[in-house]
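Chemist: Here it is, the structure, as structure tokens.
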Amino acid sequence: MTQTPQLSVVVPVFNEQDNVAPLVQEITAALRGVTDFEIVYVDDHSRDGTLAALEALKAGVPELRVLHHVTQSGQSTAVRSGVRAARGAWIATLDGDGQNDPADIPKLLAKRAESAPQFKLFAGWRVNRQDSGSKRWASKWANAIRSRMLRDDTPDTGCGIKLFERAAFLELPYFDHMHRYLPALMQRAGYQTVSVPVNHRARGAGVSKYNNLNRALVGISDLRGVAWLIRRGKLTQIVER
């Protein structure tokens with residue numbers, strides 16, 4: 001591709017070899033003819049055939065770019081790597097497991113088109129979760145605790161499908177697992193965010209890379225850190241004279 005795309009779709013993946021081709025096909029079907037776009041997959045040092053599957057797809061999908069982490073670095077780092085490499089002014093993210101529906105990206109673009117310029121993040125809201133009962137229960141309580149501590153007015157920060165301005169994202173403080181706190185971090189930076197109901201699907205292949213316990217243990221530390229960042233942040237209006 002030589003033309004600068006309007007949108008970059010960033011997809012972090014780790015051991016998702018059977019989900020790569022179907023998801024790429026869905027992304028192209030959803031966006032061709034809608035906007036100029038590129039797809040930036042970031043392989044977080046997968047140990048299966050994910051990287052080979054991505055490289056095989058490049059010949060038939062001119063929008064596809066493939067980045068590879070030499071060492072496994074986690075989902076937030078993979079998202080950040082993709083955003084930094086992206087050429088579009090706006091970024092859409094999707095989880096690589098296929099549970100997010102690429103057909104929702106045009107919905108987020110439409111919401112952006114009708115919103116004021118200060119809105120920099122349009123976050124997916126999984127109103128009909130297709131996960132196990134224990135996972136839905138854990139997510140419900142985690143969202144409730146997070147909302148109480150951070151007051152980010154966001155019902156579902158764990159949803160992987162989001163649309164945000166690249167420049168605004170790159171202003172945010174970077175840390176592991178930051179992708180779970182984008183609404184609060186965007187609001188801390190002075191921007192506005194909105195949640196948009198989206199589709200959610202059952203995982204078609206592969207296995208989840210998280211469990212309820214490790215999410216909870218990491219989340220406690222992260223919540224305290226993000227709450228500290230919000231308390232210590234300061235927004236100042238600047239007027240050039």
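Chemist: Please go through region 117-128 and give me each residue that is of a type in the set (F, W, Y) and crowded, with 20+ Cβ neighbours inside 10 Å, ordered by number.
Modeler: Hit for region 117-128 is F122, nothing else.
Matching residues to (1) touching a residue at least 60 places away in the same chain (Cβ under 8 Å); (2) of a type outside the set (G, A, S); (3) out of contact with any Phe, Trp or Tyr (no Cβ under 7 Å at 6 or more places or on another chain):
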residue	(1), (2), (3)
A78	yes, no, yes
R84	yes, yes, yes
T93	yes, yes, yes
N100	yes, yes, yes
P106	yes, yes, yes
Q118	yes, yes, no
R126	yes, yes, yes
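Chemist: Quickly run through region 226-241 and pick out the residues that are exposed (fewer than 15 other Cβ atoms within 10 Å of the Cβ) and in contact (Cβ under 8 Å) with a residue 24 or more places away in the chain.
Modeler: Of everything in region 226-241, those that are exposed (fewer than 15 other Cβ atoms within 10 Å of the Cβ) and in contact (Cβ under 8 Å) with a residue 24 or more places away in the chain turn out to be G233, L235.
Chemist: I'd like to check something: does region 201-220 contain any residue that is part of a loop (DSSP other than H, G, I, E, B), out of contact with any Pro (no Cβ under 7 Å at 6 or more places or on another chain) and modelled with pLDDT of 85 or more?
Modeler: Yes: one or more hits.
Chemist: Would you tally the residues in region 161-177 being crowded, with 22+ Cβ neighbours inside 10 Å and either out of contact with any strand residue (DSSP E or B) (no Cβ under 9 Å at 6 or more places or on another chain) or not hydrophobic (A, V, I, L, M, F, W, C) (or both)?
Modeler: So the count comes out to 1.
The values are calculated or read from the model by the stated rules, or taken from the named source; none is laboratory data. If you're wondering where the values come from, they're calculated on a predicted model, not measured in any experiment. All Cβ positions, glycine included, derive from the backbone under ideal geometry; neighbour counts span all protein chains shown.
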